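Working notes, beginning with the structure itself.
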Amino acid sequence: VGPEERDDKSMVILNRILEWGPRGITLEADPRHAELVLKEMGMENCNGSEVIGSQADASDDEKLDREETKQFRSLAARCNFLAADRVDIQYACKEICRRMSAPCKSDWDLLKKLARYLKSHPRMIMKFEYQKPVDYLTIIVDTDYAGCRRTRRSTNGGLALLGNHIVKSWATTQTVIALSSCEAEYYGVTKGACEGLGMVGLIEDMLNFRYKIELSTDSSAAKGISTRRGVGKVKHLETRTLWVQDQVEKGRIKMKKIDGMYNPADLMTKYLTGIRTAELLADFPI
């Protein structure tokens, strides 16, 4: 596959469809997964929805039976594979997969809501159009403090971009229970710094060129902690994460502030309305 006249213009990689066009490359997630989820749930003819999900009602904790649990795990794993190429459903799939060990009726309802969203949005195509070379790997992070009603753990969300190209995204539950929104946001910055340094190292090994990292957060407090030395007045902050300050001081990471209303990483931290999801996705070539 390539830009030359004799090169192939389309190929399939692990059922992902990659095409090379006059404006660049497009990559589409395997479209069959959305169809199979709807079919296995008997929802081929359901009404579509713009809402990806909502917080599970913890009061409805009736466990699924053995067969239902087996089906839930199968569907959750399929959605998780699809989410690797779809930033719009990563948070919803992460929350569903967290319940695979002991799913309840409320968790099945979350799966149904995701299926209705996939009915309305069965496909997503990522565009990697030609652009000018860039010197920075852009990392954008966001955090939802104590968003899980069952455990009160926070969620890290983030995007890694080269120019306008999304090269990686993530939605993960924090392993520790943050005691403040400031602490949770700083852990989100730490996660973004880890991902950025890992990607920069990989690119350097392949291309012998080292990108700088530009890390953006909508939290002034997390940005402030990252650009100073020590914990300051935040005594409960884990000192093992303060290595980010050292990287900022050495100039390997540049911290920036982004307006929370325009933070695309918001997609990976919470359930959003259909309008909000469309607004954030419109900022990217999708």
Legend entry - Cα→Cβ-extended label distance, 7 Å offset, between residue 70 and residue 220, nm: 5.7
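Mind jotting down a quarter of the surface of the convex hull over the alpha carbons of the stretch 57-213, in square nanometres, one decimal? Numbers along the way, then the final one.
Values: hull surface 44.1 nm².
Spelled out: convex hull of the Cα atoms, projected over all directions, averaged, 11.0 nm².
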Inset, instruction - With volume of the Cα convex hull per residue in Å³ defined as stated, name the option among (i) 163; (ii) 146; (iii) 123 computed from the structure displayed. - result: (ii)
Inset, instruction - For the stretch 141-236, list log₁₀ I(q)/I(0) at each q in 0.21, 0.23, 0.24 Å⁻¹, using the Debye formula over Cα point scatterers of equal strength and ignoring solvent, two decimals each. - result: -1.05, -1.17, -1.22
Legend entry - Projected label distance in nm at residue 106 and residue 11, using a 7 Å step from Cα toward the beta-carbon: 4.7
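Would you mind putting 153-166, 120-133, 268-281 in packing order, based on average other-beta-carbon counts within 10 Å, highest first?
Working: 153-166: 21.2, 120-133: 14.0, 268-281: 17.1.
Listed from highest to lowest mean packing, they are 153-166, 268-281, 120-133.
In deg cm²/dmol and to the nearest 500, what is the mean residue ellipticity at 222 nm of the chain if only DSSP H runs of at least 4 residues count, each as -39500 (n - 2.57), divided by the residue total? Provide the component values of the computation, followed by the final result.
Numbers: 8 runs with 100 residues, N = 286.
Taking each H run of at least 4 residues, the total per residue is -11000 deg cm²/dmol.
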Inset, instruction - Sticking with the crude label model, points 7 Å out along Cα→Cβ, report the distance from residue 39 to residue 238 in nm, one decimal please. - result: 4.3
Legend entry - Paramagnetic reach from residue 132 in the stretch 6-40 [backbone N under 15 Å; point 7 Å along Cα→Cβ]: none
Inset, instruction - Report, please, the projected area of the stretch 174-286 averaged over directions, based on the convex hull of its C-alpha atoms, in nm². - result: 8.5
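Every number here is computed from the coordinates shown, using simple stated rules; none is lab data. As the structure is a computational prediction, the values presented were derived from the model and not from experiment. All Cβ positions, even for glycine, are placed from backbone atoms using ideal geometry, and neighbour counts span all protein chains on display.
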